[in-house]
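Structure first, then comments.
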Amino acid sequence: MESRYTPAEIEEKWQKDWAEQGLYKTSEDPSKPKFYALSMFPYPSGNLHMGHVRVYTIVDVIARIRRMQGYRVLNPMGWDAFGLPAENAAIERGIHPAKWTYQNIDQMRQQLDQLGISFDWEREVTTCSPDYYRWTQWIFLQFFQAGLAYQKEATVNWDPIDQTVLANEQVDSEGRSWRSGAKVERKQLRQWFLKITDYADQLLTDLDQLSGWPEKVRLMQANWIGKSTGAQVTFTTKTGDAIVVFTTRPDTLWGATFMVLSPEHPLVEKLTTKKQAKAIKAYQEAAAAKSDIDRTAEGREKTGVWTGSYAINPVNEAKIPIWIADYVLMDYGTGAIMAVPAHDQRDFEFARQFNLPIQVVVQPEGETLDGATMTAAHPGDGVMVNSGPLNGIPAGKEKGQSVEAAIQWLEKHGKGKGTANYRLRDWLISRQRYWGAPIPIVHCPQCGAVPVPETDLPVRLPEDVEFSGRGASPLAKLDSWMNVPCPTCGTAARRETDTMDTFIDSSWYFLRYPDAKNEQQVFDPDKINSWMPVDQYVGGIEHAILHLLYSRFFTKVLRDRGLLNCDEPFQRLLTQGMVQGKTYKNPRTGKYVIPANITDFANPIDPETGEALEVVYEKMSKSKYNGVAPGDVVNKYGADTARMFILFKAPPEKDLEWDEADVEGQFRFLNRVWRLVTEFVDRRSPIADQHSALSKDEKDLRRAIHIAIKEVTDDLQGDYQFNTAVSELMKLSNALTDASCKDTAVYAEGIRTLLILLAPFAPHIAEELWHELGHTDSIHTQSWPAVDPDALVADEITLVIQVMGKTRGTIQVPANADKAALEQYARESEIARRHIEGKEIKKVIVVPGKLVNFVLG
Ligand code: ANZ
Ligand code: ZN
């Protein structure tokens, strides 16, 4: 056979063949162990990028190996298809969001198929399709019935570009929208929330179950949930009102010299004296315009206004003034604090600003702090002073017993209680946009918020809407859609016009794949329990909080509704690194240069300024001219090479630098495999199928074969070291090339093994060559090879001979030689004799299995 490796001739052919055979249809054979492999589904932008290619390739290799290892594997794919880009396309180009979205999906599905990914397309889900969002709405109603979906008036994050509200998680640390990048504004609106805070404690403690997740992601979630332990303490006012505060330092109660309420606190109006009313009102208005991030920024000058009222400190009856200040947030703790300026820095700054008293209650060792002279708060350890019953107790959040003692005292005297507080807020899910799942609620003047009956689901999106992108949501302008009779009493009522945050769609899509076509139920309990949890999830680190936390929350709620059995949705999580492209950057101007404008790539020069350019790898992006289109790579080298390169170039969790030379390297490797196999086929003569009395050459080759099996299998077991697995394949291919026993059964075993081990990585070429070997079934249905432990045992090992620590050569010795025998072999070797003859040997160091070193006198 005189053929060249031409990917274009084989890849499409096999993709068609696999689809026709239904090769990747999910097996439901209950006798097999299950393996649920999942990649985060994409937003259908229309174009696959290298980041996608990387994730899907990683998951595909895992799925293919597990199938060969005898698992029934679920490896599905779908589309996170609701969201703003479709609506913006509608506004800009007058194309309906549905049309735009489905076109993009078709395009991306085709691009995915070109990569030879073994998805079971029969389970495809598309979140914008009514037969999917029907169940999104059904799940919302489950939350509603459980009291976990509710409406409230709230100050919300408003994105002025996208014209919608955002959840807290969707605003970054600089107060910008995760999607549009716009500086978020504050608005007072009545919105729908999901009560994720009810699950705060479980979401935190169950992180312990997730040993298969990156530590970093678990930590990010724990920080986001943000549990603080401390106490709630009740202060009273002259008016007889109770002000409850949350404090992590109840031990410092005796040092509380004033109180601060959030400007939005409900008691502010009542506590404000006539004299202070104007100043308080003005301050409240100013605070309302500021974001939480601005309000709590460190080091910012403290502002505030006294209400004119006092409270009584419950531990010592001291009369302390009540202020309002914007650094106290309404939606954390109770929205009110006791201020302990001696030990809290914000309170300290506030006290200095307004000349309020500072009382030290924790005295650090070897120092005597004085409230009048201290220059900063002392938040650290020490001994309790000026604190009545707590005096003398070691203090401090970490080491002291003071907090515990204070809580005991409060509980005993009925003035407070130990409690935990969370940073996590309820999830704001209303969006004032069209392209999302309508919230299935009807507002009735008689009955209030009434759920749409299950039999009326889905509440379909109307098609004839106008997209302007301004003002109210398009749904709120469509009277014919909005006006309906109340499902309960028949009174004229209005549909809810908000749609759901698209993160809701992705919080349960993995629960639909096990039973994707079910029209009667969200999913069959047997099917869901036979597949969940996901065994391996792969996706971007950008979802470390949002999507992963929401999905965990949904899973727990649905479990509590009796719909499924597992506590956690994703057993193992791999967050893949970025794919970076080569950029040519002017270090002075920071500008990127288009590669086509560079003449000498060895010494790249900025054509505009004549300055030398820097070569750096950065995340692929149009603006940096460093993107590589997956389609171009596939056309030039084939999908198998693209896959091999991606897997070989970097461990999956690390960033990957796209490098054409290394892509070529993988292409050459596949060419070598091609030649190796085609030459073997051409030469093939009948081979005796037995391993007894193997020659040394055959034994060595057989050992190389089984080392490869062992190493590749191990590399793919836990941490998915694809890069080293590919190296092992290369080693085996080299061993086959170098072998002189090419007409033996062992060589045939080597060729067969190389192809089977290669199949998950480069599925097309492996299939083609497998058929060249004369097989008529698919290589992808073969069993993963087992290691023959006998084959691994080496007859001989290579022993290094050193003299005075310097390597002089190597010799072959029996593998089972003991220390004394090794020394003997070394002494008698030509190499050693040349260097030691006639000299005094002071010492011989023997490292079994490795080396013998002669130390001369
Ligand atoms: C008195 C005190 C003394 C405090 C001291 C700290 C140190 P974390 O750890 O983040 O939970 N606080 C409580 N509610 C607040 C709100 N709504 N806005 C702003 N600050 C608030 O912080 C809890 C501490 O932050 C609480 O403990 C309270 O100040 C303040 F030496 O109470 B502390
Ligand atoms: Zn009604």
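The values are calculated or read from the model by the stated rules, or taken from the named source; none is laboratory data. Here the structure is a predicted model, which is why all the values come from computation and not from measurement. Note that each Cβ is placed from the backbone with ideal geometry, even for glycine, and that neighbours are counted across all protein chains shown.
Summary table below
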item	result
Number of positions in the range 730-764 that are in a helix (DSSP H, G or I) and of a type in the set (S, T, N, Q)	4
Flag if Ala544 is farther than 30 Å from Asn157 by Cα, more than 16 Å from ligand 1 (Cβ to nearest atom) and in contact (Cβ under 8 Å) with a residue 60 or more places away in the chain	no
Check on Arg346, within 11 Å of ligand 1 (Cβ to nearest atom) and of a type in the set (Lys, Arg)	yes
Pairs with Cβ under 6 Å, 6+ apart, first in the range 332-358 and touching a residue at least 60 places away in the same chain (Cβ under 8 Å) and β-branched (Val, Ile, Thr), second more than 8 Å from ligand 1 (Cβ to nearest atom) and part of a loop (DSSP other than H, G, I, E, B)	Ile358/Pro341; Ile358/Gly371
Enumeration of residues in the range 140-175 that are outside any strand (DSSP E or B) and of a type in the set (A, V, I, L, M, F, W, C)	Phe140, Leu141, Phe143, Phe144, Ala146, Leu148, Ile161, Ala167
Filtered residue count, the range 109-129, keeping only those that are of a type in the set (A, V, I, L, M, F, W, C) and over 23 Å from Tyr36 (Cα atoms)	1
Residue match in the range 782-790 (condition: hydroxyl-bearing (Ser, Thr, Tyr) and at pLDDT 95 or above)	yes
Helices (runs of 4 or more DSSP H) fully within the range 269-384 counting 3 or more residues that are touching a strand residue (DSSP E or B) at 6+ places or on another chain (Cβ under 9 Å)	277-288, 345-354
Residue among Ala420, Ala395 that alone is aliphatic (A, V, I, L, M), within 16 Å of ligand 1 (Cβ to nearest atom), buried (at least 18 other Cβ atoms within 10 Å of the Cβ) and farther than 30 Å from Lys477 by Cβ	Ala395
All positions within the range 114-139 that are of a type outside the set (A, V, I, L, M, F, W, C), assigned to a helix (DSSP H, G or I) and over 25 Å from the mean Cα position of the chain (by Cα)	Glu122, Pro130, Asp131, Arg134, Gln137
Out of Thr257, Thr239, sole residue that is more than 10 Å from ligand 1 (Cβ to nearest atom), surrounded by 20 or more Cβ atoms within 10 Å (Cβ to Cβ) and among the β-branched types (Val, Ile, Thr)	Thr257
Within the range 288-333, tally of residues that are hydroxyl-bearing (Ser, Thr, Tyr), within 12 Å of ligand 1 (Cβ to nearest atom) and either crowded, with 19+ Cβ neighbours inside 10 Å or over 21 Å from Leu189 (Cα atoms) (or both)	2
Identity of the residue in the range 474-512, aromatic (Phe, Trp, Tyr) and under 24 Å from Phe41 (Cα atoms), that ends up nearest to ligand 1 (Cβ to nearest atom)	Phe503
In the range 436-449, residue nearest to Ser129 (Cα to Cα) [restricted to those that are surrounded by fewer than 18 Cβ atoms within 10 Å (Cβ to Cβ) and among the hydrophobic types (A, V, I, L, M, F, W, C)]	Ala449
Tally of residues being touching a Pro at 6+ places or on another chain (Cβ under 6 Å), aliphatic (A, V, I, L, M) and either within 16 Å of ligand 2 (Cβ to nearest atom) or modelled with pLDDT under 90 (or both) across the range 443-483	3
Qualifying residue in the range 156-171 (condition: at pLDDT 95 or above, of a type in the set (S, T, N, Q) and under 30 Å from Phe523 (Cβ atoms))	no
Residue tally, condition touching a residue at least 24 places away in the same chain (Cβ under 8 Å) and within 60 Å of the chain's Cα centre (by Cα), over the range 830-844	3
Boolean, Thr272 is more than 26 Å from Arg186 (Cα to Cα), β-branched (Val, Ile, Thr) and touching a Ser or Thr at 6+ places or on another chain (Cβ under 8 Å)	no
Residue within the range 63-78 that is at pLDDT 95 or above, crowded, with 24+ Cβ neighbours inside 10 Å and of a type in the set (S, T, N, Q) present	yes
Close pairs (9 angstrom Cβ cut-off, 6 or more residues apart or separate chains): more than 19 Å from Asp331 (Cα to Cα) in the range 245-265, within 16 Å of ligand 2 (Cβ to nearest atom) and in a helix (DSSP H, G or I) anywhere	none
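Residue-wise test of (1) assigned to a loop (DSSP other than H, G, I, E, B); (2) in contact with a helix residue (DSSP H, G or I) (Cβ under 7 Å, 6 or more places away or on another chain).
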position	(1), (2)
Pro462	yes, yes
Trp481	no, yes
Gly490	yes, no
Ser507	yes, yes
Asn518	yes, no
Val522	yes, yes
Lys527	no, yes
